[in-house]
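Student: What follows is a structure written as structure tokens; I'll ask about it next.
The values are calculated or read from the model by the stated rules, or taken from the named source; none is laboratory data. As the structure is a prediction and not an experimental result, all values here were calculated from the model. Glycine also receives a Cβ, built like all others from the backbone with ideal geometry; neighbour counts cover every protein chain displayed.
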Amino acid sequence: MPDNKMRGMLETFLTYMIPDENEPIWNYAQTVVMEAKNQGAPFIENHSDKANIHTWLAWQNPPGRQLHNAVMEKILNPKHPQAQIFINWFKKLYDL
């Protein structure tokens with residue numbers, strides 16, 4: 001994880017940038033991914049966060065944006081309080 005404390009990958013961190021008003025769709029995306037896994041979807045358990053966020057992104061307008069585009073286009077909210085924790089740490093680390 002970018003904060004060097006929590007477990008996960010970039011997609012795990014980016015889930016903290018999902019806008020609060022999208023919480024119901026985010027929860028549903030996670031349910032759908034879990035059901036797909038139960039139905040035999042071949043992704044490994046460690047990649048569940050990847051499957052979750054890409055499923056959620058597939059349901060946005062426009063659908064299926066790449067992660068960096070989702071941040072730049074503010075589909076993911078870079079000003080979300082969880083993201084600000086990382087940004088503040090990064091600025092402090094590099095004296096910005």
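Student: Filter region 51-96 down to the residues that are surrounded by fewer than 14 Cβ atoms within 10 Å (Cβ to Cβ), among the aromatic types (Phe, Trp, Tyr) and part of a helix (DSSP H, G or I) and list them by number.
Tutor: Within region 51-96, just PHE90 meets the criteria.
Student: Turning to a different aspect of this structure: Among the candidates ALA58, ALA51, ALA41, which residue alone is at negative phi and touching a Phe, Trp or Tyr at 6+ places or on another chain (Cβ under 6 Å)? Lay out the reasoning, then the answer.
Tutor: Details: ALA58 fails: touching a Phe, Trp or Tyr at 6+ places or on another chain (Cβ under 6 Å); ALA41 fails: touching a Phe, Trp or Tyr at 6+ places or on another chain (Cβ under 6 Å).
Sole residue among the options that is at negative phi and touching a Phe, Trp or Tyr at 6+ places or on another chain (Cβ under 6 Å): ALA51.
Student: Also: If only one of TRP26, TRP89 is in contact with a helix residue (DSSP H, G or I) (Cβ under 8 Å, 6 or more places away or on another chain) and not small (Gly, Ala, Ser), which one is it?
Tutor: That would be TRP26, the only listed residue that is in contact with a helix residue (DSSP H, G or I) (Cβ under 8 Å, 6 or more places away or on another chain) and not small (Gly, Ala, Ser).
Student: Whether any residue in region 31-46 is in a helix (DSSP H, G or I), among the charged types (D, E, K, R) and under 16 Å from PRO78 (Cα atoms) is what I want to check.
Tutor: No, region 31-46 contains no residue that is in a helix (DSSP H, G or I), among the charged types (D, E, K, R) and under 16 Å from PRO78 (Cα atoms).
Student: Further, regarding this structure: Quick test of your reading of the structure: GLY8 fulfils all but one of (1) in a helix (DSSP H, G or I); (2) closer than 28 Å to ILE85 by Cα. Name the failing condition by number.
Tutor: Every listed condition holds for GLY8 apart from (1).
Student: A further question follows. Quick one: which of ALA41, ALA51 is more than 24 Å from PRO19 (Cα to Cα), among the hydrophobic types (A, V, I, L, M, F, W, C) and modelled with pLDDT of 95 or more?
Tutor: ALA41
Student: Also: Would you tally the residues in region 11-30 being of a type in the set (Gly, Ala, Ser) and not in a helix (DSSP H, G or I)?
Tutor: Residues meeting the conditions: 0.
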